[in-house]
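Each reported figure results from applying straightforward, stated rules to the coordinates on display, with no laboratory input. Worth saying up front: this structure is predicted, and the values here are computed from it rather than measured. Cβ placement follows ideal geometry from the backbone for every residue including glycine, while neighbour counts extend to all protein chains displayed.
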Amino acid sequence: MTQEEFIKRYTYDPVNDLLGEGGFGRVFRAYDNYEHEYVAIKIQPVDPKCPEIRLRNEVQKVQQYVHKNISRYKAWYTFSDYRGETDVAIMKFYNDGSLDKLIAKHNLPMEVRHGLLVEILEGIAFLHSQGIIHRDLKPQNILIVEHDGHYTPLITDFGISKQLAENESSAVNNSILGGTRAYASPEQMAEHSIRKNTDLWSFGIIAYQMFTGALPFNSGAFSPSSEEGRQEHFRQMTSGTLPKGIEHIPEPWRGIIRSCLQVDNIRRVQHAEDCLAMVGLKAFAPGIVKSSDDTVREEPRPQPKPQPRPQPKPQPAGDNDTKRGGSLRLILFALLFIVGAGLGAYVSLSGDDSTTPSTPPPAEPAIVNEVSEAIEVSEFSDKSVAEPASFSVGDYYNAGGIKGIVIETDGTSGTVISMHETDASWCSSAVWNSFDLAPVGTTSKSNGQENTDKMRNRSDLDGYYAFEWAIARGDGWYLPAIFELERVAENFDAVNRGLSEHGGTALKRGWYASSTEKDKMNMYLYDFNQWNYYSMSKDMSCCVRAFHKF
């Protein structure tokens, strides 16, 4: 199909039909004028520096497999123009969205949660039987289909999945760090070699979240975007201890989650089929191919221990009890114990169906597109002063000539994000293409103010658009570091509510530039669609926000 034929067949509005965007492309809802149905179109410009993660590879990887819990593409194309190659893939449009939206909107009955988790395991088992390690399993990458009250999960987004060669063991090189931090395994976080059961760690996090409405590991009292917060998160992950919420999860899922969240991936449950066996599914569902025993030969394959069922303690019989009467009492007590335990678990689990991140409100268009125009929109134009108070994340701050929405605070001090944003590249194409291009040294991942201060007095600041826009806000404003943007991601809804209530421009589900430099050619950006950060070329246009301490 030529590009002209593609444009004629599929119609969509690039603004209003945008479903999401991230490191692996932009996704639009489009109308197929030939099949007379809505489809989802995924578009990704080909980055010649990262050929291993191009969209075409993702499509080819999964297109040969057919399974009820794996999402497939209808077609794919590559178009070329003066800007280079662009991969385009077509898939069915699903009105019900993804698992994160489902668990955010509904307090799902226990049997529905059970069914979803079983089918996710079946999908994982099939992928592993074909030698595929997904590496980025999370609720956002599980599409949902609803039919006659039944929800079917479809695993999708194989952009960073790993295909094992026929002669390759299950321990593979983690050459591209994959996975969103909240769901990534310890070996992924440490950039060590991975096995198929790295996906089972991610499944354990998903299952825990589905039952409790929370993630099992967090940054504790520290800011999640700080190095201390990241270390605390990793400490919790590797401590071998799960939070008390695990006790409220019914068996067999409690035992499955414990088996999946073993820090040592040799001791961790090795196969999705083992988890299915713990649920009581001895046979494989239609379409499932049992995965081969591909563990490293010199390492033993541990078998999951059966989880004991709780048994009621026998009660002492009274003096006048006969043997028959005592037996009846024990049976009645056992029934009451089981019913009571079930009701207790149901009440404790159905009380909170919150999850993060939930769907943010529709993003407003950026109010400026050029740095010269952006300078006219100043965060310090309103000189009204508000007395300092006790602040919370999402509150409007307007004191000392500084206006913004609080993104982190200890109550009286913290950080605000600018009310508005722009679209700009980290640096101009002229700077990026210059023969003597060198790193600028803004390497801090947690301190954007330090990075920005290194740029303030550069004679060529006008060639570094994102920094120029942030600095033009006024004294103290800076371009955030990558972990500071991660902090915003964890409070996305609260920040957007504050922006909406006070006339600000809403954050988009897209790419935001950080001040953190990776090397002379690339910088780090945060993707509010994939909830993860990536390195990209410095001349790529991104959304830009400024931060200020208070």
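Calculate the translational D of the stretch 1-46 in whole µm² s⁻¹ from Stokes-Einstein, where the hydrodynamic radius comes from the Kirkwood formula applied to all Cα pairs, the temperature is 25 °C and the viscosity 0.890 mPa s. Working shown, then result.
Details: Rh = 11.1 Å.
Calculated translational D: 221 µm²/s.
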(request) Take the cross-link list Lys68/Lys92; Lys454/Lys549; Lys42/Lys538; Lys445/Lys518; Lys101/Lys138; Lys454/Lys538 and give me the ones stretching past 19 Å between alpha-carbons. (result) Lys42/Lys538
(request) Count the DSSP beta bridges whose two residues both fall in the stretch 403-532, then state the antiparallel fraction as a percent rounded to the nearest 5. (result) 100 percent
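Kirkwood hydrodynamic radius, the stretch 237-284, all distinct C-alpha pairs: what's the number in Å? Don't skip to the end; give the middle numbers.
Values: mean 1/r = 0.0868 Å⁻¹.
Over the stretch 237-284, the inverse of the mean reciprocal pair distance is 11.5 Å.
Just in the stretch 1-51: which trypsin sites (Lys or Arg not before Pro) are loop by DSSP and have at most 16 other Cβ atoms within 10 Å? Walk me through the numbers before you get to the answer.
Working: sites: Lys8, Arg9, Arg26, Arg29, Lys42, Lys49; in loops: Lys49.
Hits after loop and neighbour filter: Lys49.
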(request) Could I get the Rg over Rh figure for the stretch 405-511? Both from C-alpha atoms, Rh via Kirkwood, rounded to two places. (result) 0.99
(message) Taking 56 Å as R0, compute the FRET efficiency from the Cβ-Cβ separation of Lys520 and Ala399 and round it to 0.05.
(response) 0.90
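Go ahead and run the numbers for FRET between His106 and Glu251, Cβ-Cβ distance against an R0 of 22 Å, rounding to 0.05. Let's see the in-between values first.
Numbers: r = 23 Å, r/R0 = 1.07.
So the FRET efficiency works out to roughly 0.40.
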(message) If I model a spin label at Asp475 and Thr238 as a point 7 Å from the Cα along the Cα→Cβ vector, what separation in nanometres do I get?
(response) 4.3 nm
(message) What distance in nm separates the two pseudo spin-label positions at Lys549 and Arg456, each 7 Å out from Cα along the beta-carbon direction?
(response) 1.1 nm
